[in-house]
Protein chains: 2
Amino acid sequence: MNEINDINIDLSCTEKCEGCEKYFDCNMPQKDRLLVQVRMQRARKALAQVKHKIISVGGKGGVGKTLCAVNIAAALAMKGRKVGILDQVFDGPCVPRMLGVERKGMEYTEEGLVPTEAILGIKVASMGLILGEDEVVTWFHEMKRNATEELICHVLWGELDYLIVDVPAGTSSDTVNVIQYIPDMDGATVVTVPSEVSQAVAYKAVVLLQKANIPVFGVFENQGTFTCPTCGLQTDILQSGGGLRIAGKTDVPFIGSIPLDQRVAECADDGTPVVYKHPESEAGQIFIKAAELIEKRCGMA
Amino acid sequence: MNEINDINIDLSCTEKCEGCEKYFDCNMPQKDRLLVQVRMQRARKALAQVKHKIISVGGKGGVGKTLCAVNIAAALAMKGRKVGILDQVFDGPCVPRMLGVERKGMEYTEEGLVPTEAILGIKVASMGLILGEDEVVTWFHEMKRNATEELICHVLWGELDYLIVDVPAGTSSDTVNVIQYIPDMDGATVVTVPSEVSQAVAYKAVVLLQKANIPVFGVFENQGTFTCPTCGLQTDILQSGGGLRIAGKTDVPFIGSIPLDQRVAECADDGTPVVYKHPESEAGQIFIKAAELIEKRCGMA
């Protein structure tokens, strides 16, 4: 017992928690704070040459978070910006496929992980490039935290104007972990689909971002009105107005409603951002508008 | 040091890990195994009067897992079965809203949690009934595990023919935890949307279920072909064939493709299962077929 008490009031503490042999026995109140600081420092170093960091949040899953992240990155790259995407989704990461680099892999070097280059020179780091597409990994808590750290702190981004960060659905610890590592996020975009069910979850995401003092640049609505290519009839298949309502409720700008459009899904599966292949389409125009908004909010316009 | 060694070779072990004061110092190889057994026993006791347990899995988020869970439950209840839904989603649970009970809450008693009754007598247990809709909770690892246990082991289901379990997207520890608690799951249904991106994730879910020896009763495709209500033109807005392809690849029956149909989204937001309100619709017919398949596979037909 004396031994344990000694550890707890250890005066020889170097305040370097990681690598400390007493780590698991240590009860000092500053323990976690110090560890978080070490992590934040490491992340800051890894992202030192990244001018702006934007997080793409969606609340509910499957609403188009990755679609927006990939197209925002492409729209910024089309303006001549140096852009990277950090895919923080481990359980079914979709960024590599949506940018057509799913078979390219990622190189390890002694200095760190080398991001893969996609269309328009966009640099991509994703667990999807490390694991095979058919590999089934059950991500337990500690593994996720390690992978989060690996991708935030050990990727050799070099100089970037923008890093777009794609996070898993929800307001869970996965998203919070990323925000803790990168507390100086410049801003966020939020995506919802029109339905009520999705909005309730997106609302929680906006509240979380506001609590974390991350400016929400705007809200996208995805899977909006469908226009019949033959007769021109417009149908709100998945309801309507959800994006506008959530923007109003949270006092955040509404960027636009991305319509249900075959080209959007085709491009995602083909690995070409729709804003690049069909810049004139309604979806394309919304992503160009989003890029302009981001440039303005980041003082780059 | 001697004290710690003593603990590690403790011969007074009662094999009752929970409540053991030496728990955190204990390194015995059987520690976790015993704990899992205790949990499994507790779950078995709570579900003793439940004849069949079906898990609704989706791989990727937002593909319609909860939609399928709710409509399968309704279709089985329409056949006169006693049905419950256990909503294991904590981060944006949607079951209460889709069954119109989001404001009903759940009663605590000394014996346990009383499930809320929805349309057709369906019993519902969900964190969404305990938390308010606007309440933002960041679910850290331990909280999730505790909540999983709370809902699996402390709900007073009483006698049920079927318990449908809705789990979060992905093949992550959230889903695995549920499967560990309920190892005698009768079967699973898997949902995907037509796109390639979604299929890759659904495939991983099927592989996980097969590894866990849970029979996959069938695969649904959601958000399939849209038929224009004016001119009748059929459009595969979100691509096509994904459900059939994954069923073929994994050798699992294909249940059907739920079309993109305004009524499906309307019913979800209104809190009435589409199979109940529009049993004649294509979506309704697919859920009736799924219920028949489940009855057959569970020996209840």
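The values are calculated or read from the model by the stated rules, or taken from the named source; none is laboratory data. Source: prediction; values computed, not measured. Positions of Cβ are backbone-derived with ideal geometry, glycine not excepted, and every protein chain shown enters the neighbour counts. Quick note on the areas: whole protein, heavy atoms, side chains included, nothing else; ligands and nucleic acids left out. Shrake-Rupley method; radii C 1.70, N 1.55, O 1.52, S 1.80 Å.
Which of the lysines could be linked to A:Lys82 by a straight reach, that is with a Cα gap under 25 Å, when you skip same-chain ones fewer than 8 residues away?
A:Lys45, A:Lys51, A:Lys53, A:Lys65, A:Lys104, A:Lys123, A:Lys277, A:Lys289, A:Lys296
Nm distances between the label at A:Lys51 and the same-position labels in the remaining copies, 7 Å along Cα→Cβ, shortest first?
Taking the point 7 Å beyond Cα along Cα→Cβ, the inter-copy spacings are 6.7 nm.
In chain B, which longest range has no GluC sites (Glu not before Pro) that are both DSSP loop (not H, G, I, E or B) and surrounded by at most 16 other Cβ atoms within 10 Å?
The longest such stretch corresponds to B:160-279.
Starting from the 7 Å offset along Cα-to-Cβ, what nm value, one decimal, do you get for the label separation of B:Val137 and A:Arg44?
3.5 nm
Could you state the principal axis extents of the C-alpha atoms in the range A:170-236, from the largest down, to the nearest angstrom?
Principal extents (Cα only, largest first): 50, 23, 16 Å.
Testing the spin-label approximation: label points 7 Å from Cα along Cα→Cβ at B:Lys51 and A:Gln285. State their distance in nm.
5.7 nm
Taking the protein assembly as shown as the region of interest, what is the percent of Cα-Cα pairs per 20 angstrom bin, listed from the shortest bin to the one with the maximum distance?
20, 52, 26, 3, 0
Helix A:65-78 against the longest principal axis of chain A: what's the angle in degrees, Cα atoms only, rounded to the nearest 10?
Helix A:65-78 and the main axis of chain A meet at about 80 degrees.
Could you tell me the distance between the Cα centroids of the range B:59-125 and the range A:213-246, to the nearest Å?
That distance is 28 Å.
If one takes the longest principal axis of the Cα atoms in chain A, at what angle in degrees, from 0 to 90 and to the nearest 10, does the Cα axis of helix A:141-153 lie?
80 degrees
What FRET efficiency, computed as 1/(1 + (r/R0)^6) with R0 = 41 Å and r the Cβ-Cβ distance, is obtained for B:Glu149 and B:Leu233, rounded to the nearest 0.05?
E between B:Glu149 and B:Leu233, to the nearest 0.05, is 0.20.
A:Gln37 to A:Asp270: extension gain in nm, 0.36 nm per residue of separation minus the Cα-Cα distance?
Numbers: separation 233, 0.36 × 233 = 83.88 nm, distance 4.11 nm.
Length difference between fully extended and current span is 79.8 nm.
Given the options B:Pro115, B:Leu160, B:Thr227, identify the residue whose Cα lies farthest towards the positive end of the charge dipole of the range B:37-297 (+1 on Cβ of Lys, Arg; -1 on Cβ of Asp, Glu).
Checked the options; the winner is B:Leu160.
Label the range A:50-185 by shape, choosing from rounded, prolate and oblate, from the square roots a ≥ b ≥ c of the eigenvalues of the Cα gyration tensor; if a/c is under 1.5 it is rounded, and otherwise prolate applies when a/b is larger than b/c, oblate when it is not.
Here the range A:50-185 falls in the rounded category.
Put A:Thr109, B:Thr175 in order of accessible area, largest first, 1.4 Å probe: what do you get?
Of A:Thr109, B:Thr175, the descending order of accessible area is A:Thr109, B:Thr175.
Could you work out how much longer the chain between B:Phe254 and B:Met300 gets when fully extended? Use 0.36 nm per residue separation minus the Cα distance between them, nm to one decimal.
14.5 nm
What are the residues of the range A:259-301 that lose 20 Å² or more of accessible area, with a 1.4 Å probe, going from their chain alone to all protein chains?
A:Leu260, A:Gln262, A:Ala265, A:Glu266, A:Asp269
Kindly report, to the nearest 10 Å², the accessible surface of B:Asp186 as traced by a 1.4 Å probe over protein heavy atoms only.
50 Å²
Could you grab the relative contact order for chain A? Cα pairs under 8 Å, six or more apart, rounded to a whole percent.
Working: 572 pairs, mean separation 65.1, N = 301.
Dividing the mean separation by the residue count of chain A yields 22 percent.
Mind grabbing the accessible area of A:Ile288 for me, 1.4 Å probe, Å², rounded to tens?
50 Å²
Sort the range B:205-301 into rounded, prolate or oblate with this rule: let a ≥ b ≥ c be the square roots of the eigenvalues of the Cα gyration tensor; rounded if a/c is under 1.5, and if a/c is not under 1.5, prolate when a/b is larger than b/c, oblate otherwise.
In terms of gyration-tensor shape, oblate.
Using only the Cα atoms of the range A:37-297, what are the Rg and Dmax in Å?
17.4, 60
Quote the accessible area belonging to A:Val57 in square angstrom, nearest 10, computed with a 1.4 Å probe and with ligands, DNA and RNA left uncounted.
In the full protein context, A:Val57 sits at about 10 Å².
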